[in-house]
Amino acid sequence: MAARPVSRMLQRVLRSSVRSSSSGAPVTQHPHGEPSRTAAEGLSRRRQFLREHGAPFSAFLTDSFGRQHSYLRISLTEKCNLRCQYCMPEEGVPLTPKADLLTTEEILTLARLFVKEGVDKIRLTGGEPLIRPDVVDIVARLHQLEGLRTIGITTNGINLARLLPQLQKAGLSAINISLDTLMPAKFEFIVRRKGFHKVMEGIHKAIELGYSPVKVNCVVMRGLNEDELLDFVALTEGLPLDVRFIEYMPFDGNRWNFKKLVSYKEMLDTLRQRWPELEKLPEEASSTAKAFKIPGFQGQLSFITSMSEHFCGTCNRLRITADGNLKVLKRILCGMSQEKVCLFGNSEVSLRDLLRAGASEGELLRIVGAAVGRKKRQHAELLLMLQDSPPAIPSISSQDPFRIQGIRHRVSFSNQMATLWKGGWVLQTPVLAQWRLGSGCPQRHCSSHLDSNANTKCLSAVSQAPATPSGPLPPSDHLTHVDTEGRAAMVDVGRKPDTERVAVASAVVLLGPVAFRLVRENQLKKGDALVIAQLAGVQAAKLTSQLIPLCHHVALSHVHVQLELDSTRHAVGIQASCRARGPTGVEMEALTAAAVAALTVYDMCKGVSRDIVLGEIKLLSKTGGQRGDFQRT
């Protein structure tokens, strides 16, 4: 997908009327840089006063290397309304009991203490901070603190358009919005939820209200979104955005995830091939970002080089977690609204416990000062990790072989995979293919649903046992899709009750040794056969009624396509499951998904071998409906 067409498309999305609003009133565009005249003038007077009346910086917030910690990040909640693939499992994470979380008054008490000692910037984070009911009130009360120059928020953008007018009136002065893709379907894949257009609406609202720049955080992951760098930068041509590309950071201990890292230098080289005039901007003190600008563009771009060129030596940040722990080091800008503690340090102290034990302000300051004083210049673990040899593949639990924890070779999403579908620019994105250990060598596995609790039986052991119905299956004495005169006819399902319908189908592609090796090593010239086949299977399931003439259209609630290599047969095993609630079954959708995925594998490999066999396309099970359940044993 070319950068400029996407740029124009996104700008139309951003500048068009908002899809919906709480008031229903039309949107009015204000000049850039004018949040509102009254708010802007008040903010200017406030900053002038602070410049003239600044006090010496607190010794309690100055570490042994002279770094003055003037920036405090406060997590308002552990909860999030998204389930980003690189952030948390689909079912969520265990949450701290509400009684152990900071109350609003405790948050404000701590904020007041830190601002009094010299903190002049507070950023509210999460989880997702905008799902906290009193977030507007918290911003308003923070705004009353003398000495606080900046109140920012990092959000996934889902609730931003609705709340931003109130937040701006309350005193919110800076916004960071997390957005890792410009493709709606890929967005839904990454975050496991819908909401792309809500995020775009939030960006539109921030620009409309005069925030400049609006910072957009994009975590760049190899094989997932590094092909969208040009498209993101193209947005800055006509919009006041600061697109911030963040180097992917592995979780603690996940050294094998380094293959997903796209370094700052690599990203910069890619952009300079398109825009050789790209120029570097001066760096601000304690900045985490390396800023660049293309001459003539309204916005700019930045790189957060947390892995390849760390900035521990100038870190001036402190963080208070939702349960009241002070982190003197944090995992810097992972790009998610759910932040992690610093990958390379865990120094912390519970301010919540001190508050509830009745500690005085002086006692709190002494504890904070001791924690800040323990902060190291930087962490040796960072250098050790960056100097590691190629990452090792972790062991896999034999009890759950499909909960893959390692990442295989690079997966490339070329621009050719963008598909105009039903009049919209929608890409149904495949999952990152996965490593699986077995038979003494790495095997590749691809699934459209990560961390699935679906059937974990290895697909290579396909049984040839006959089918046996698990419930009543009354025989039919005629074909249901033929009328009394022998003409094709669609079955009337209008009077059938809606029930939960699930179907699972499978297929096998016998590749032969040469094609199998190329697929396993991801060396095919046409690209990654497994992820593209998985993509095709998901799309096919959704389009079954357009491919099979007499099939009813079914609103699928879930499609799961997984592929696994079988080294004993030089084959790819495919399993597809579909789920919906309605008056008709989804076995055709499951069968279509499996069959089209198999055809796609053939298409990807036909240049290597024409001696490929597609077979064993069959229904494994189905539930729901008047004719009873079916299970192939």
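Check E589 against each of (1) open to solvent by 30 Å² or more (accessible area, probe 1.4 Å); (2) part of a helix (DSSP H, G or I); (3) among the acidic types (D, E) and name the one condition it does not meet. The single condition E589 does not satisfy is (1).
Could you say which residue among R610, R579 is over 21 Å from L535 (Cα atoms) and either in a loop (DSSP other than H, G, I, E, B) or open to solvent by 20 Å² or more (accessible area, probe 1.4 Å) (or both)?
Checking each option against the conditions leaves just R610.
Restricting attention to region 268-297 and to residues that are among the aliphatic types (A, V, I, L, M) and not in a loop (DSSP other than H, G, I, E, B), the residue that is nearest to P213 (Cα to Cα) turns out to be A291. Selection within region 320-331: residues that are surrounded by fewer than 23 Cβ atoms within 10 Å (Cβ to Cβ) and not in a loop (DSSP other than H, G, I, E, B). The member of this set that is modelled with the lowest pLDDT is K330.
Can you say whether L224 is crowded, with 21+ Cβ neighbours inside 10 Å and more than 30 Å from E266 (Cα to Cα), as far as the supplied structure shows? No, not satisfied. Against the conditions (1) open to solvent by less than 40 Å² (accessible area, probe 1.4 Å); (2) at pLDDT below 65; (3) within 28 Å of the chain's Cα centre (by Cα), G471 satisfies every one except (3). Residues of region 545-600 that are of a type in the set (S, T, Y) and at pLDDT below 90: S545, S557, T584.
Quick check on this structure: which one of D252, D227, D242 is in contact with a helix residue (DSSP H, G or I) (Cβ under 9 Å, 6 or more places away or on another chain), within 24 Å of C87 (Cα to Cα), acidic (D, E) and modelled with pLDDT under 95?
D227
If we scan region 175-193, do we find a residue that is buried (at least 23 other Cβ atoms within 10 Å of the Cβ), at pLDDT 95 or above and over 14 Å from L241 (Cβ atoms)? No - not one qualifying residue is present in region 175-193.
Report, by residue number, each residue of region 500-516 that is crowded, with 23+ Cβ neighbours inside 10 Å and in a loop (DSSP other than H, G, I, E, B). Listed by number, the list holds a single entry, L511. The single condition among (1) modelled with pLDDT under 90; (2) within 32 Å of the chain's Cα centre (by Cα); (3) open to solvent by less than 70 Å² (accessible area, probe 1.4 Å) that V519 does not meet is (1).
When region 128-155 is limited to residues that are open to solvent by 10 Å² or more (accessible area, probe 1.4 Å) and among the polar types (S, T, N, Q), the one that is farthest from V93 (Cα to Cα) turns out to be Q144.
Tallying residues that are open to solvent by 20 Å² or more (accessible area, probe 1.4 Å), in contact (Cβ under 8 Å) with a residue 12 or more places away in the chain and assigned to a helix (DSSP H, G or I) within region 66-118 yields 6. Screening region 131-208 for helices (runs of 4 or more DSSP H) wholly inside it with 1 or more residues that are in contact with a Lys or Arg (Cβ under 6 Å, 6 or more places away or on another chain), closer than 25 Å to A322 by Cα and in contact (Cβ under 8 Å) with a residue 60 or more places away in the chain returns the ranges 160-170.
When region 298-313 is filtered for residues that are outside any loop (DSSP other than H, G, I, E, B) and modelled with pLDDT of 60 or more, the ones remaining, listed by number, are Q300, L301, S302, F303, I304. Return only the number of the condition from (1) farther than 29 Å from G92 by Cα; (2) open to solvent by less than 30 Å² (accessible area, probe 1.4 Å); (3) not in a helix (DSSP H, G or I) that S212 does not satisfy. Among (1) farther than 29 Å from G92 by Cα; (2) open to solvent by less than 30 Å² (accessible area, probe 1.4 Å); (3) not in a helix (DSSP H, G or I), S212 violates only (2). When each of A529, A533, A571, A541 is tested for being more than 15 Å from V596 (Cβ to Cβ), aliphatic (A, V, I, L, M) and open to solvent by less than 30 Å² (accessible area, probe 1.4 Å), the lone residue that passes is A571.
The values are calculated or read from the model by the stated rules, or taken from the named source; none is laboratory data. This structure is a prediction, so every number in the text was calculated from the model and none was measured. Ideal geometry is used to build each Cβ from the backbone, glycine not excepted, and the neighbour counts take in all protein chains shown. We work out accessible area using only protein heavy atoms, side chains counted, and drop any ligands, DNA or RNA first. Shrake-Rupley method; radii C 1.70, N 1.55, O 1.52, S 1.80 Å.
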